[in-house]
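Step one of this worksheet: look at the structure below.
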Amino acid sequence: MVKPVYITGIGSVSAQKTYDNETFLEEVRAYSDTTITVLDPDYKAYIPRAAARRMAKGIKMSTVSSKTALDDAGLTKVDAIIVGTGLGCIGDSEKFVSAIIDNKEQFLTPTRFIQSSHNTVSGQIAIGLGCKGYNYTYVHSAISFESALIDAQMQLGAEEADHILVGGVDEVVAHHVNTHRLIGHVKQNPVASDALLRSNTPGCVMGEGAHFFTLGHKKTSSAYAELVGVRTYNTLAEEKLEETVLAFLEEHGETPESIDLVVLGNNGDVAYDHYYAVLTKGIFNEHPQAYYKHLSGEFDTASAFGFWLAAKMLRTGTVPTVVQLNRAPVKKPKTILLYNQYRGENHSLVVLRQC
Amino acid sequence: MGILSAIGNNVAENYRSLSTASPGISRITKIDTIHKNDIMVGEIPATNSELEKQLGLPENSWSRSALIGAIAAKEAVAHANIADLHEYRTGLISGTTVGGMDKSEQHFYDYFDNDNEWHHINGLHAGDSTKKIAQSLGLEASFATTISTACSSAANAILLGARMIKSGRLDRVIVGGTDSLSKFTINGFKTLMILSDTYNTPFDDQRKGLNLGEAAAYLVLESDKVVKKTQKAVLGYVKGYGNANDAFHQTASSENGDGAVLAMEKALQVAGIAATEIDYVNAHGTATPNNDLSEGRAMLRVFENKVPDFSSTKAFTGHTLATAGAVEAVYSILALQNNTVFPNLNFKTPMSEFQLRPQTTLKTKELHTVLSNSFGFGGNCTTLLFSKEAW
């Protein structure tokens, strides 16, 4: 029999003050920009100063976020580490590329190259925890984190592991932002957080973050929610979205009526947000709806912020006003559906249930 | 199966080169690097334009990783006789480290001067090569993901694919990887001082480091159910797999190969067989001082000093990074099909630390099981176990 899977600990370093697990979006940082960066936790409390000096930001954020999740779950070790990241420690990749070009392939040092490996974060966490178990890194755009979730759910469901650390991390880096602004993926002009969905312009506000979760097949007293199902689709035609969602729900014993809240990945890109409208104006028209990318920014693993948000909402039984997308009366959510896509590709559906 | 490497443009050509001991290592011709006289590489002969022509794409459409990946994946799907990709729940899992870096490094500054190369901007995402492969296969509304665990990426793609079929999430999955040569990796490995200036010599005492290579290779995995329904001839079975982490150093393997031992032991455990039942080991054998010593020690531990016939095929192809595990999975299946142990070229003297001697000539013997190792940065160690029979 396939075992149920639970979220037993969470950690977040994001553009909001989420690194403190005791709070839940009581204070919200508003932005008016085209890119947003994380609110730095006290890295010194987690990483020796000498080591931190040349450490990629992605590793630093992940160190804090993963430690927070492990502490939250009361774990000091895990059986497997699975990380999703669209671009890895891209800051180091870009520094290495520019050094190759600027110095004509001479006088290069290995640190930047080493940290450019997409699996640097999962490798570093393994070294930190002395974890010799399964260690994977998924790098598939907007479903990088969901790929990690699917992998973890398979292992835990089959009891091949008891505790798995799953995370998503991405950095905001100037060259990447600037090139993606050229092709219209990043907004040309600043947008205020609370006006993101009314920008009526193409592109997103690019952000960054590191979100880690401990998952297990035993329901602990600290468990946040049950991870009921995850599914990803490389492409999905807009006219197929509704039937796909219905089939996904049915597969997991849910119906639109049994869903209390939908958490959507709207990022204010006028060219692609209509995917979400299919659901918000369709089968979930009357449902309470939430969104979060005005708080986190958009990045390949931004959906892990959505996952964090849903876990928090299920644990606390509250839906912060700042994430409410419509005016449907919000009750204490018991079952949440998350839907995300990026630029019409890499769609993901996740169901979380109160446990 | 489908493959494109320095020793052939398809499976048949690769097999011919392996069985005639014809390596594909040469000086680099397609990348203008200042290191060109200091390194040897395993380069795919075709130019990007030729690859694009083969795919019916306009010039300068895609990065080289995406081009070779699409060609190899198409060969695999054709070889598997798949008429309708969506008849069964089909997925695509690809490993890559370089992705579209070849184009990114060429146009890093150009992007700001003119818009001629803007179509390559998004290619920097590792997942972009997988997306293009899915596109050329016509795979839609399906599970498609990318794994990047350095040099074990494609081996891990195969491992995940096998698990997804086992768990019932997929009926069929195209697994493998793609990595082209780039200045990025040439210079990166150069700074680590593990590039040989001559032909790489796996497991030799005088080994001087690795030759970088480029390749794309994919295999089609299908469930028992699909095989039964379609009455297909099975090329081989993924019987075992194991992934473990050395948790020792970001770029070096531990002296005693702890991670490698764990990976091999897990694979044997999943397959439910003893180490003595392995007929051939296709070793990672990159020819770096560190890898070959660590892997050698790990093999001695797992096989309790009675290491079966083993060889590294890196002297043929160079180290194809993310793709290595898929290239060597194809070679492992070819070994099983043809009852052949491929030679470990360029080996002369056993290492001073132990007396391990790889198989240096083509050897014909009955093969039932092959174990294939792939190890990467971040301490990532993966072992795959293939068998000829279902048992």
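The values are calculated or read from the model by the stated rules, or taken from the named source; none is laboratory data. Please read all numbers here as calculations on a predicted model, not as lab measurements. So basically every Cβ, Gly included, is an ideal-geometry build from the backbone, and we count neighbours across all protein chains shown. Heavy atoms of the whole protein, side chains included, go into the accessibility calculation; ligands, DNA and RNA do not. Shrake-Rupley method; radii C 1.70, N 1.55, O 1.52, S 1.80 Å.
Tabulated results
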{"item": "A:LYS334/B:HIS249 FRET efficiency (R0 35 Å; Cβ-Cβ; nearest 0.05)", "result": "0.15"}
{"item": "Positions from segment B:129-144 whose accessible area shrinks by 10 Å² or more when the full protein complex is built, not the chain alone, probe 1.4 Å", "result": "B:LYS131, B:LEU139, B:GLU140, B:ALA141, B:SER142, B:PHE143, B:ALA144"}
{"item": "Estimated inter-spin distance, B:ASP32 and A:THR318, nm [label 7 Å along Cα→Cβ]", "result": "6.2 nm"}
{"item": "Paramagnetic reach from A:ALA174 in segment A:32-54 [backbone N under 17 Å; point 7 Å along Cα→Cβ]", "result": "A:34-38"}
{"item": "Exposure of B:LYS103 as accessible area (Å², to 10), given a probe of 1.4 Å and all protein chains", "result": "20 Å²"}
{"item": "Label zone at B:ALA83 (point 7 Å along Cα-to-Cβ), backbone N below 17 Å, segment B:216-233", "result": "B:226-233"}
{"item": "Accessible-area ranking of A:HIS163, B:HIS319, largest first, probe 1.4 Å", "result": "A:HIS163, B:HIS319"}
{"item": "For A:VAL38, solvent-accessible area (1.4 Å; no DNA, RNA or ligand), Å²", "result": "10 Å²"}
{"item": "For segment B:214-339, the fraction of alpha-carbon pairs in successive 10 Å shells from zero, as %", "result": "11, 39, 37, 11, 2"}
{"item": "Local electrostatic count, B:GLU353, Cβ distance below 14 Å [Lys/Arg +1, Asp/Glu -1]", "result": "-1"}
{"item": "Within a Gaussian network of chain B (alpha carbon springs, distance under 10 Å), most fluctuating of B:GLN250, B:GLN231, B:GLN269", "result": "B:GLN231"}
{"item": "Nitroxide proxy distance, nm - points 7 Å out along Cα→Cβ at A:ARG54 and B:ASP205", "result": "3.5 nm"}
{"item": "Backbone N under 17 Å from the A:SER221 label point (7 Å along Cα→Cβ), restricted to segment A:1-45", "result": "A:8-9"}
{"item": "Kirkwood hydrodynamic radius of the protein assembly as shown, Cα pairs, Å", "result": "25.6 Å"}
{"item": "Largest-first ordering by accessible area, 1.4 Å probe, given options A:TRP308, B:TRP62", "result": "B:TRP62, A:TRP308"}
{"item": "Rounded D (µm²/s) - chain B, Kirkwood Rh over Cα pairs, Stokes-Einstein at 25 °C, 0.890 mPa s", "result": "120 µm²/s"}
{"item": "Length gained when the stretch B:ALA12-B:ASN60 is fully extended (0.36 nm per residue, less Cα-Cα span)", "result": "14.5 nm"}
{"item": "Percent of beta bridges antiparallel (DSSP, segment A:166-301, rounded to nearest 5)", "result": "45 percent"}
{"item": "Estimated FRET transfer efficiency when R0 is 22 angstrom, pair B:ALA274-B:ALA21 (beta carbons, to 0.05)", "result": "0.10"}
{"item": "Estimated distance in nm for a label pair at B:VAL234 and B:ALA141, the labels positioned 7 Å out from Cα along Cα-to-Cβ", "result": "3.1 nm"}
{"item": "Kyte-Doolittle at least -0.5, axis length at least 15 Å by Cα - qualifying DSSP helices, chain A", "result": "A:57-73, A:90-102, A:144-157, A:238-251, A:303-316"}
{"item": "Accessible surface ranking that places the most exposed of B:ILE194, A:ILE47 first, with a 1.4 angstrom probe", "result": "B:ILE194, A:ILE47"}
{"item": "MRE, 222 nm, helices only [DSSP H, n ≥ 4, -39500 (n - 2.57), over chain B, to nearest 500]", "result": "-10000 deg cm²/dmol"}
{"item": "Surface accessible to a 1.4 Å probe, B:GLU265 within the full protein complex, Å²", "result": "90 Å²"}
{"item": "C-alpha center-to-center spacing [segment A:96-159, segment B:311-362] in angstrom", "result": "27 Å"}
